[in-house]
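Structure record follows, encoded as structure tokens.
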Amino acid sequence: KAGVTQTPRYLIKTRGQQVTLSCSPISGHRSVSWYQQTPGQGLQFLFEYFSETQRNKGNFPGRFSGRQFSNSRSEMNVSTLELGDSALYLCASSFRGLAGVSTDTQYFGPGTRLTVL
Amino acid sequence: AQTVTQSQPEMSVQEAETVTLSCTYDTSENNYYLFWYKQPPSRQMILVIRQEAYKQQNATENRFSVNFQKAAKSFSLKISDSQLGDTAMYFCAFMKAAGNKLTFGGGTRVLVKP
């Protein structure tokens, strides 16, 4: 099985712009979670999508949003970029069974490195 | 809210030796999962090992094993016969059952020396 893929791998943007990151989960996985990794704050949970619905949300401002498509692919959008948004954005997929109960491990993609100038 | 603490920012070990990484967590949940992930310089986060809280038996995966002490809320990782490819950041993570949200510790950098 192919692993989790993320595109693009690297992005450079300027303050005030917006950006969209994409994540394709492992085939058969229906849950996609997003994490932000920075040297100062470490790894922080952004949100999770399952069956095209946001199921969990971390403590991030409304500038951070996401969506999930019917094929389970997910996109994350950050509007009005700030310097502090520079980070590695990781996406992870898991099966999350029929009842939506999570008993499965999250598998991570290679990440998108976002630099805001 | 859950918290995960890794008290060792950095550790070094000689090739073929054993190293143990510490992790403690705080939670009021009874059903949960614990993980160790490895992040090498390539930045790809790789699952090392997983432990279900309801299982008393410690998980093992080849050279990697854990010491899970539920009452003490401790979850240490032992790497045996260390190899150069084990050089990486190691993150301990907590997930409550049916939560699907990982809470990570700050990480421990492991350097395996030849």
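The values are calculated or read from the model by the stated rules, or taken from the named source; none is laboratory data. This structure is a prediction, so every number in the text was calculated from the model and none was measured. No Cβ is skipped: glycine too gets one built from the backbone with ideal geometry, and neighbour counts run over all protein chains shown. Just so you know, the surface numbers come from the protein's heavy atoms only, side chains and all, with ligands and any DNA or RNA stripped out. Shrake-Rupley method; radii C 1.70, N 1.55, O 1.52, S 1.80 Å.
Some notes on this structure:
- Set B:Lys55/B:Lys96; B:Lys78/B:Lys101; A:Lys57/B:Lys38; B:Lys78/B:Lys113; B:Lys73/B:Lys101; B:Lys70/B:Lys96 screened for pairs whose C-alpha atoms are more than 22 Å apart: B:Lys78/B:Lys101; A:Lys57/B:Lys38
- Atom-type composition of the exposed protein surface of chain A places 50 percent of the accessible area on carbon and sulfur (1.4 angstrom probe).
- Shielding by partners for peptide A:35-43, expressed as the average number of C-beta atoms from other protein chains within 10 Å of each residue's C-beta, is 3.
- Cβ-based net charge around A:Gln6, under 13 Å, with every Lys or Arg adding one and every Asp or Glu removing one: +3
- For the peptides B:17-29, A:39-51, B:62-74, the ranking by mean Cβ contacts within 10 Å, running from highest to lowest, is A:39-51, B:17-29, B:62-74.
- What the Cα convex hull of chain A gives, in volume per residue, is 95 Å³.
- Rounded FRET efficiency, nearest 0.05, which uses the C-beta distance separating A:Tyr10 from B:Gln83 and R0 of 22 Å: 0.15
- Take each residue in A:104-112, count the other chain C-beta atoms within 10 Å of its C-beta, and the mean is 5.
- Legend: mean number of C-beta atoms from other chains within 10 angstrom of residue C-beta atoms, peptide B:32-38, equals 2.
- On a per residue basis, chain A carries 46 Å² of accessible surface, using protein heavy atoms and a 1.4 Å probe.
- Share of pairwise Cα-Cα distances greater than 25 Å in the protein assembly as shown is 41 percent (whole percent).
- Summed over both chains, the accessible area lost when B and A associate is about 1700 Å², using a 1.4 Å probe.
- Relative contact order [Cα under 8 Å, 6+ residues apart], chain A, whole percent: 35 percent
- Rounded to two decimals, the Cα radius of gyration of chain B over 2.2 N^0.38 Å is 1.02.
- Simple point charges give the picture: +1 on the Cβ of Lys and Arg, -1 on the Cβ of Asp and Glu, and for chain A a dipole about the Cα centre of about 120 debye.
- Peptides A:27-37, B:37-47, A:12-22 ranked from most to least packed by the mean count of surrounding Cβ atoms within 10 Å: A:27-37, B:37-47, A:12-22.
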